[in-house]
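Asker: I am attaching a structure below and will ask some questions about it afterwards.
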Amino acid sequence: MSIAFIALAGLGMMNAITLALNNILIQTHVEEEYRGRMLSLYFVTFSLMPLGVLVSGLVAETIGLQNLFIILGAIIIVSTIWVATKSRHIAHL
């Protein structure tokens, strides 16, 4: 059980660092007249997160949790590679 607490603490710290870095990148690389629009879209993703969790729960009941994690992991890997190859500006950050 202590390994789980250490893992959760580490993930929580990494999440806080990721959120801070995302905000820094948005505020430094988005033009001032578009910054409000960009931040509103950024925060909409957080408000839609419960819907994604609901859908993930339904899918996990259907195909199993391990299969869901494999599918979601594959989606993350494919989308990361796609964004990295399509946007040369992101590669230079």
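Asker: Counting Lys and Arg as +1 and Asp and Glu as -1, each charge on the Cβ, what is the dipole of the chain about the Cα centre in debye, to the nearest 20?
Answerer: Charge dipole, the chain, about its Cα centre: 160 debye, nearest 20.
Asker: Further question: Among LEU8, ASN67, SER47, whose Cα sits farthest toward the positive end of the charge dipole of the chain (+1 at Cβ of Lys/Arg, -1 at Cβ of Asp/Glu, about the Cα centre)?
Answerer: Highest projection toward the positive end goes to ASN67.
Asker: Using only Cα atoms, find the angle between the long axis of helix 65-86 and the longest principal axis of the chain, and express it within 0 to 90 degrees, rounded to the nearest 10.
Answerer: The angle comes out at about 20 degrees.
Asker: Want the number for ALA16 to ILE75: 0.36 nm per residue separation, take away the alpha-carbon distance, what's left?
Answerer: Length gained between ALA16 and ILE75: 19.0 nm.
Asker: For the Cα atoms of the chain, what angle does the longest principal axis make with the long axis of helix 49-63, in degrees from 0 to 90, nearest 10?
Answerer: For 49-63 against the chain, the angle is about 30 degrees.
Asker: In nanometres, what is the gap between the two model label sites at THR45 and ALA84, each 7 Å from Cα along Cα-to-Cβ?
Answerer: Each label point lies 7 Å from its Cα, and together they span 1.7 nm.
Only the coordinates and a few stated rules stand behind these numbers; no lab work does. Computed from a predicted model, the values in this text were never measured in an experiment. Cβ: placed from backbone, ideal geometry, glycine included. Neighbour counts: every protein chain shown.
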